[in-house]
Amino acid sequence: MKTGDVLRRLEAGWSEFENSYAGLSEADLLVPGVSGTWSVRDVIAHVSWWEEEALKHLPQIREGGRPPRYSVRYGGIDAFNALMTEGRKHLPLAEILFRHRETHERLIAYVRGAPEDLFTKETRFRRRLRLDAWGHYPLHATAIVRWRDRLPAPRGGGGDGVR
């Protein structure tokens, strides 16, 4: 795999995730139940904080270091996710969406500037990037699509039928 391959995987996964909630109203983005009690807004925040984690730990991995284990530092991934959910529940949707775009742009820029040898084989760097980004996006895109499929059809004559 080369840098271009990684960037294509990132873009494909990102597009799938973005398309999973395209056309939903702001009100729809706030309805709980997409993944447990999370709304689409919460899922978007979740995807963003894992990209932030990648940006925090990829430089350390690149230099040969090892990030702290989530089980030791937070009591596990679920505990970390709960902590992050609690810390961002007060943020308005506009802020969540801004952070989502901005963080992804920073991640793409970082990957573009990373040495090619980090991608040519399954390195710890590439594995972390896959887990936090391109392998992560489809999991949540699928959950959103399944949730959308359970939503009642729009009523009335004035809607665009997008759900």
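A short reminder: the numbers here are calculations on the coordinates, not readings from a lab. Note that the structure is predicted; figures quoted are calculated from it, not measured. Methodologically, a virtual Cβ is constructed for each residue, glycine included, from the backbone with ideal geometry; neighbour enumeration extends over all protein chains shown.
Here are the numbers for the structure shown:
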{"read-out": "Centroid-to-centroid separation of region 40-88 and region 107-129 [C-alpha atoms, Å]", "value": "18 Å"}
{"read-out": "Answer label for percent of Cα pairs over 28 Å apart (calculated), chosen among [x] 42; [y] 26; [z] 18", "value": "[y]"}
{"read-out": "Per-pair calculated FRET efficiency, R0 = 30 Å: R150 and Y110 via Cβ, rounded to 0.05", "value": "0.25"}
{"read-out": "Chymotrypsin sites (Phe, Trp or Tyr not before Pro) lying in DSSP loop within region 45-147, provided at most 16 other Cβ fall within 10 Å", "value": "Y74"}
{"read-out": "Furthest towards positive pole of dipole, A141, Y70, L55, structure part the chain, Cβ charges", "value": "Y70"}
{"read-out": "Within the chain, helix-based [θ] at 222 nm, where runs of 4 or more DSSP H residues each add -39,500 (n - 2.57), nearest 500", "value": "-20000 deg cm²/dmol"}
{"read-out": "Between 0 and 90°, nearest 10: helix 93-113 axis offset from the chain longest Cα axis", "value": "30 degrees"}
{"read-out": "Projected area, mean over directions - region 46-116, Cα convex hull, nm²", "value": "5.2 nm²"}
{"read-out": "Computed over the chain: relative contact order in percent, which uses C-alpha pairs under 8 Å that are six or more apart", "value": "42 percent"}
{"read-out": "Virtual paramagnetic centre 7 Å along Cα→Cβ of K121, amide N under 20 Å, in region 52-82", "value": "61-66"}
